[in-house]
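Below is one structure, written out as structure tokens; the observations come after it.
The values are calculated or read from the model by the stated rules, or taken from the named source; none is laboratory data. Treat the numbers as computed from the prediction; the structure is a model and nothing was measured. FYI the Cβ positions are ideal-geometry reconstructions off the backbone, even for glycines, and counts take in every protein chain you see.
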């Protein structure tokens, strides 16, 4: 059976309150019992000593005692639970409480036993006696025998105090129970309400309603983090949904143009409008090749983003590799009136040469496409003991700030016109990112509209 968070929190508060009161009650009773035993025993010994001192003062000398006062002392001791018997030096009884009132003595001992049994059901106490000498001028002139219910006993006042304390603890327990119930309900509501809101938002997101957001604030740190995470998740999914729809449209657009061209050409030749000469067939072949390159790029991307991407790592000099690639691009840059410059330090790196070449080619291709005539492209290579950094910087048209977070998405291009002459297939940076991350590196972009773009690649020199 599953219980709600509110029910569990309320039950936990009640359980903690009850356990705390029970624990304190047990500790209080154990501590009180020990301390009270010591107190009662010490009190009993003190009363016995005081009684012996009072009786000692009643000896007049020459074997004479003040019987009336001894009787008063004995009656007072009897009221305090002590049964005394006074004897002279010859052993003759001067005063005996059992003789004075035997019924009261018996009743008192029975009452004491009942009190102790009510507190300790397995009590094994009984009547005990202690003898104290009576001295006069340093000579023993008699003795006082003091009997009591031992080894110790609680009188009615003692039991009343203990029972009152226990009732107070029970009262505190009942109060704590209701307080914990109220507090648990309030706290559970405050905690469960935002969580319920998160659940509702998550359910809406799971159904595809990515615009759902949680506006409620919570003073609980973890709940605040949870709501922020759900909101961020919704933002991400909403953006991904927009990108997915745009990617579908982009793929359709990339395929539609060459297919439409092929269809029109083939229909014209089938209908006899055009003759299937070499020029017409060459045009169709170019469109087929364009579709093939797009499919090939998609296959590369799927392979590069796969978990089992194999890296054929060798040690090579990165600056030399970049120089050779730039040399291959020189005619393209010259024909477009773009200056390209390389400033590089010698940097040895252990990586997949072909895949790093693909990264450099993609970055240079983008710079070539988006840098106008008379522009400039600069490539820098520098490094530290563990990392090497490559920067490709141009002064082209730049990328709008709102497009920067998405430039590594498939088919995403900042130019919404989809101009084939400059746009390419839109997955060059996606492939570059996949290859860089396969080498445990990082790639990021800084750009400003109408100022230029700077792409930074950081790679570890030793890829494990």
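One table, with the values for the structure above:
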read-out	value
Residue ID - farthest from the chain's Cα centre (by Cα), chosen from residues in the range 179-201 that are loosely packed, with under 15 Cβ neighbours inside 10 Å and more than 30 Å from residue 20 (Cβ to Cβ)	200
Close pairs from the range 269-295: first within 30 Å of residue 431 (Cα to Cα), partner modelled with pLDDT under 80 and surrounded by 10 or more Cβ atoms within 10 Å (Cβ to Cβ), Cβ under 6 Å, at least 6 apart	287/258; 287/261; 290/258; 291/258; 294/254; 294/425
Residue 332 vs. criteria touching a strand residue (DSSP E or B) at 6+ places or on another chain (Cβ under 7 Å) and touching a residue at least 24 places away in the same chain (Cβ under 8 Å)	no
Residue check, residue 90 in a loop (DSSP other than H, G, I, E, B) and modelled with pLDDT of 80 or more	yes
Residue within the range 409-424 that is modelled with pLDDT of 85 or more and either under 40 Å from the mean Cα position of the chain (by Cα) or part of a loop (DSSP other than H, G, I, E, B) (or both) present	no
Condition met for residue 29 (farther than 28 Å from residue 170 by Cα, assigned to a helix (DSSP H, G or I) and either out of contact with any strand residue (DSSP E or B) (no Cβ under 6 Å at 6 or more places or on another chain) or assigned by TED's automatic domain parsing to the domain that holds residue 131 (or both))	no
Residue list for the range 436-456, filter: buried (at least 17 other Cβ atoms within 10 Å of the Cβ) and more than 35 Å from the chain's Cα centre (by Cα)	447, 452, 453, 454, 455
Of all residues in the range 107-126 being free of Cβ contacts under 8 Å to residues at least 24 places away in the same chain and surrounded by 12 or more Cβ atoms within 10 Å (Cβ to Cβ), the one that is nearest to residue 77 (Cα to Cα)	111
Which listed residue, of 208, 173, is at positive phi and outside any strand (DSSP E or B)	208
Candidate set: the range 316-351, residues that are in a strand (DSSP E or B) and in contact with a helix residue (DSSP H, G or I) (Cβ under 8 Å, 6 or more places away or on another chain); chosen: the one farthest from residue 384 (Cα to Cα)	339
Residues located in the range 97-122, provided they are in contact with a helix residue (DSSP H, G or I) (Cβ under 8 Å, 6 or more places away or on another chain) and either closer than 21 Å to residue 166 by Cα or not in a helix (DSSP H, G or I) (or both)	101, 115, 118, 119
Residue match in the range 113-132 (condition: modelled with pLDDT of 80 or more and farther than 30 Å from residue 30 by Cα)	yes
Selected residue (criterion: modelled with the lowest pLDDT) from residues of the range 426-450 that are closer than 25 Å to residue 351 by Cβ and assigned to a loop (DSSP other than H, G, I, E, B)	427
Any hit, the range 155-163, residues being modelled with pLDDT of 75 or more and either assigned to a strand (DSSP E or B) or over 60 Å from the mean Cα position of the chain (by Cα) (or both)	no
Test: residue in the range 276-283 that is within 30 Å of residue 433 (Cα to Cα) and at pLDDT below 80	no
